[in-house]
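Read-outs: derived from the displayed coordinates by stated rules, not from any lab. Remember, predicted model here, so these are calculated numbers, not experimental data. No Cβ is skipped: glycine too gets one built from the backbone with ideal geometry, and neighbour counts run over all protein chains shown.
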Amino acid sequence: MNYSFKPPLKWAGGKRWLAPTIKMYWNSYPDHETCRLVEPLCGGLAIALHIQPNYALLNDINQHLINFYIQIKEGLKIDSEMINQSDFFYKRREEFNTLIKNNEYLSKRAAELFYYLNRTCFNGLCRFNKQGFFNTPFGKYKSINYKTVFFEYKEVFKNWTFTCQKFDETDLLRTDFIYADPPYDVEFRQYSKDGFSWENQVELATWLSKHKGPVLLSNQATKRILSLYEDKGFTNTIHMGPRYISADKNKRIPVKEVLAVKNIDIIEHSLAQASLFP
Ligand SMILES: C[S@@+](CC[C@H](N)C(=O)[O-])C[C@H]1O[C@@H](n2cnc3c(N)ncnc32)[C@H](O)[C@@H]1O
């Protein structure tokens with residue numbers, strides 16, 4: 001097991017900080033050596049890369065992300081230049097959008113560009129306009145350490161399957177260990193975060209509650225998320241996330257996150273250890 005695996009991309013809502021706690025749940029599950037880890041909204045893979053299960057099914061609705069992982073599985077090596085410079089960035093962004101326009105976005109070249117854009121753009125944001133074209137601006141980082149060879153991930157991905165569909169189309173086995181991490185619920189706002197509406201949050205909770213095997217869900221601990229999962233028989237635990245509510249440093253309050261758990265028993269002291277030694 002290699003503990004040094006960092007996710008290859010920057011990804012909004014990445015859960016590296018929660019990974020040791022989730023691993024405690026995983027380790028406490030008696031069949032974890034043989035069962036499959038399923039992440040129906042896998043994003044940047046922080047959890048799968050930390051746990052490194054033998055078998056995994058990793059799904060996300062973002063086709064560029066999944067294409068990138070599939071290309072890694074096939075042995076991705078980037079030979080083309082990657083430069084942290086504004087003009088160069090906008091040319092590469094245009095090239096990426098041309099691939100989208102020409103229906104060539106599930107290619108090795110698209111994966112190379114996706115990686116370059118992710119590392120170089122503002123905050124690693126994966127943002128598209130209404131026409132489906134990538135539109136995040138240049139990131140203005142002082143320096144960027146670009147990776148060109150992804151062979152070590154290829155080895156880890158060997159028995160992992162990547163799919164691109166809506167979370168509830170994920171084909172589950174009864175014994176699957178599910179970890180679900182949707183875009184955060186944002187209460188008191190009309191619009192939905194990243195297109196994930198309150199109806200989607202309810203659909204996800206309903207879908208997860210039907211699974212007979214172990215389930216973990218993380219989300220912002222809004223009142224309605226807490227009662228949604230409690231009503232569906234989950235046990236909620238609250239964790240202080242690394243994000244803050246206020247931009248004013250003196251008034252910064254950490255955002256509370258919930259981990260909703262079903263069909264997993266865990267020894268309390270293991271959890272305490274997980275938060276002491278992240
Ligand atoms: C908070 S991120 C997951 C972060 C991940 N756990 C990590 O540590 O990097 C949520 C992910 O859900 C995906 N997503 C949003 N709506 C979805 C849907 N309906 N079905 C599947 N995936 C979806 C997004 O593309 C995004 O990658």
Take the Cβ-Cβ distance between Glu95 and Arg243 as r, set R0 to 22 Å, and report the resulting FRET efficiency rounded to the nearest 0.05.
-> 0.10
Restricting to the chain, compute how many DSSP beta bridges are antiparallel as a %, nearest 5.
-> 55
Would you mind checking which residues have amide H under 5 Å from Ile178's amide H? H placed 1.01 Å from N; only 5 or more apart, or other chain.
-> Val38, Val215, Leu216
Work out the FRET efficiency for Ile144 and Lys210 from their Cβ-Cβ distance, taking R0 = 45 Å, and round it to the nearest 0.05.
-> 0.55
Karplus-derived 3J(HN,Hα), 6.51/-1.76/1.60, for each residue of region 159-176, Hz, glycine and proline x | 9, 9, 10, 10, 10, 10, 7, 5, 3, 7, 9, 5, 7, 9, 9, 4, 8, 4
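Summing Lys, Arg as +1 and Asp, Glu as -1, what charge do residues with Cβ under 9 Å from the Cβ of Thr163 carry, Thr163 excluded? Intermediate results must be reported in sequence, preceding the final value.
Values: positive: none; negative: Asp60, Glu169, Asp171.
That sum, taken over residues with Cβ under 9 Å, equals -3.
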Contour minus Cα-Cα distance for Asp87 and Asn159 (0.36 nm per residue) = 22.0 nm
How about region 147-222: which GluC sites (Glu not before Pro) there are in a DSSP loop, with at most 11 other Cβ atoms within 10 Å of their Cβ?
-> Glu187
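Which values, in whole Å and largest first, are the semi-axes of the equivalent ellipsoid of region 78-148 obtained as the square root of 5 times each eigenvalue of the Cα gyration tensor? Mind dumping the intermediate values first?
Numbers: eigenvalues 70, 42, 18 Å².
One finds semi-axes of 19, 15, 9 Å for region 78-148.
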